[in-house]
Protein chains: 2
Amino acid sequence: MDIKLRIEEALEEAVSAGETPSAPAGLSAAIRYAVFPAGHRIRPRIALGVARACGDDRPGLSAAAAASIELLHCASLVHDDLPAFDDASTRRGKPSVHRAFGEPLAVLTGDALIVMAFESLARQAADSPDRLATLIATLGRAVGTPSGICAGQAWECESNVDLSAYQRAKTGALFAGAAAAGAGAAGHNDPAWLEFGVGLGEAYQVADDICDLTADPEQIGKPTGQDQAHARPNAAQTLGIDGAKKWMAELVQRTIDSIPDCPGRDGLRSMVLAEGGKILPKGLVRAA
Amino acid sequence: MDIKLRIEEALEEAVSAGETPSAPAGLSAAIRYAVFPAGHRIRPRIALGVARACGDDRPGLSAAAAASIELLHCASLVHDDLPAFDDASTRRGKPSVHRAFGEPLAVLTGDALIVMAFESLARQAADSPDRLATLIATLGRAVGTPSGICAGQAWECESNVDLSAYQRAKTGALFAGAAAAGAGAAGHNDPAWLEFGVGLGEAYQVADDICDLTADPEQIGKPTGQDQAHARPNAAQTLGIDGAKKWMAELVQRTIDSIPDCPGRDGLRSMVLAEGGKILPKGLVRAA
């Protein structure tokens, strides 16, 4: 089955499990709104791309792991958009969750999505108990503290910021987790997959920096100029647009070179190259 | 080892795992502040009491499950105290997390505690992979949606409230989860443990309603009169203090009668009776 379809089906299964008649309707609606329709789904695509490269012998588990990574990503977007952080009014081309449903439901939507990520993974692991503990450790490291996306966001509250720890945690951790979760679901636990994911995350961060500086907010569905507004480091600001594009291409190449030995190395290499073109604003894709 | 000590040791292990030198200091401090010093720890006491009644053959796993329940409870307190919900200024006798550390770190502390709960449980399950998936399902049902504490809190955002679903989810779910997690960690998966936990949760809710109406805020470490301020149902308001105390005693007795067949039935019965006396304001304990 097509990767895109597998991701949407696994997400649909996870979200609909919470939508019983006895659930409060507002929370159910807000959760669905936060997850659908699809964004780039770049992190779960990486998870399934890596799982496939590693043989993907438990496709139900790898799809659940990919969906969990995306649910955790959606949770972080909902909370990062809150007034206490970015106070973003739009996300994925529509009002942010707290604008559409109010702040209380936005806080609860993020919380419920985190829980749902672990719960739906465990549901699919009934016939793979030997892989579950490692997968949960992988998700935890990607999103919690000391080095996951919670920690990354918390660095923005510090007066003395460890820039490298900040960047690795804020973006790199979830990419590393996506790659490692895809590999882990297929029974491969080489730590080199973490580094592969970190490399992809760095490339993605540069692309995102370029978008924040040059993209049309309508086209990418969220406000731009946020890094300058929140005094966050931005590679395109530091290196210039052309410098940032070159740096991104170099990071993609390095990442491809770092793919650990696995049955589907060539397919994964092609996928990474194709993904690289998808995340830049349209006018910049050719040159990237 | 004493139950209290086992809980504090397991919590210390979970919290300190996040406190590496590369973690953002503010988040580490806020997490520790939210978890220590101990509150009643009533939910993890129930988990370990039930585990013991069921034989407690994996004490590392049951302690981790108990700690996870408490971490999830602490997460819910931190988020429920936020300005978007109760805007509580104090909790456990000191400023609430958002008053002490600011709102951004309070949101992240709750998020990180939820992740930590699943992560630390998985860490202790390395030699019990067969029990992990069920334990995670138990935690998920207790805190997520459709019927966990996230859903319970979300009922407060609805205009038409299903009162029974609200009360079961808001308080009962985590008590049910505590009992079922303790049993599950000891390899017992009788659904009757969920009902036992729900019964305890109902008794606790009545005690909490009495506290909200009669206790000294200094003594219980949090503001009182919150139910009236937020137009929430309160059994002591409806039944009067004496009526509520009688109702609570009846609930405790019903719960004791519902203890499923297990090796340590008598010990658990005594524990429930003892706990009943601990959660009421001091002046009311004798009569309860």
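Being open to solvent by 70 Å² or more (accessible area, probe 1.4 Å) and not in a helix (DSSP H, G or I) is the filter here, so list the residues in the range B:231-283 that pass it. Hits for the range B:231-283 are B:Ala231, B:Asp261, B:Pro263. Of all the listed residues (B:Asp227, B:Asp212), the sole one being part of a helix (DSSP H, G or I), without any contact (Cβ under 8 Å) to a residue 24 or more places away in the chain and either in contact with a His (Cβ under 9 Å, 6 or more places away or on another chain) or open to solvent by 10 Å² or more (accessible area, probe 1.4 Å) (or both) is B:Asp227. Applying the condition of being of a type in the set (A, V, I, L, M, F, W, C) and either open to solvent by 10 Å² or more (accessible area, probe 1.4 Å) or closer than 17 Å to B:Phe101 by Cα (or both) to the range B:9-32 and asking which residue is farthest from the other protein chains (Cβ to nearest Cβ) yields B:Ala10.
Taken together, the residues in the range A:121-146 that are open to solvent by 10 Å² or more (accessible area, probe 1.4 Å) and either closer than 12 Å to A:Leu61 by Cβ or modelled with pLDDT under 95 (or both) amount to 8.
Suppose the filter is in a helix (DSSP H, G or I), over 18 Å from B:Trp247 (Cβ atoms) and open to solvent by less than 10 Å² (accessible area, probe 1.4 Å); does B:Gly201 pass it? So B:Gly201 does not fit the description; no.
Among the residues examined, B:Gln167 qualifies as open to solvent by 10 Å² or more (accessible area, probe 1.4 Å), in contact with an Asp or Glu (Cβ under 9 Å, 6 or more places away or on another chain), of a type in the set (S, T, N, Q) and touching a residue at least 60 places away in the same chain (Cβ under 8 Å). When A:Gly140, A:Gly144, A:Gly182 are checked against the criterion of being touching a residue at least 12 places away in the same chain (Cβ under 8 Å) and not hydrophobic (A, V, I, L, M, F, W, C), a single residue qualifies: A:Gly182.
Out of the range B:123-137, which residues are in contact (Cβ under 8 Å) with a residue 12 or more places away in the chain, at the interface with chain A (Cβ under 8 Å from one of its Cβ atoms) and of a type in the set (A, V, I, L, M, F, W, C)? If the condition is that a residue be in contact (Cβ under 8 Å) with a residue 12 or more places away in the chain, at the interface with chain A (Cβ under 8 Å from one of its Cβ atoms) and of a type in the set (A, V, I, L, M, F, W, C), then B:Ala125, B:Ile136 are the ones that fit. The residue of the range B:28-49 that is nearest to B:Asp111 (Cα to Cα), among those that are of a type in the set (D, E, K, R) and in a helix (DSSP H, G or I), is B:Arg32.
Okay, residues lined up against (1) open to solvent by less than 30 Å² (accessible area, probe 1.4 Å); (2) away from every other protein chain (no Cβ under 13 Å); (3) in contact with a strand residue (DSSP E or B) (Cβ under 9 Å, 6 or more places away or on another chain):
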{"residue": "B:Ile42", "(1), (2), (3)": "yes, yes, no"}
{"residue": "B:Arg45", "(1), (2), (3)": "no, yes, no"}
{"residue": "B:Leu48", "(1), (2), (3)": "yes, yes, no"}
{"residue": "B:Asp57", "(1), (2), (3)": "no, yes, no"}
{"residue": "B:Ala75", "(1), (2), (3)": "yes, no, no"}
{"residue": "B:Lys94", "(1), (2), (3)": "no, yes, no"}
{"residue": "B:Gly110", "(1), (2), (3)": "yes, no, no"}
{"residue": "B:Met116", "(1), (2), (3)": "yes, no, no"}
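The values are calculated or read from the model by the stated rules, or taken from the named source; none is laboratory data. From a predicted model like this one, the values you see are computed outputs, not experimental measurements. Cβ atoms come from the backbone with ideal geometry, glycine included; neighbour counts cover every protein chain shown. Ligands, DNA and RNA are stripped out before the accessible areas are found, and what is left, the full protein with its side chains, is counted by its heavy atoms. Shrake-Rupley method; radii C 1.70, N 1.55, O 1.52, S 1.80 Å.
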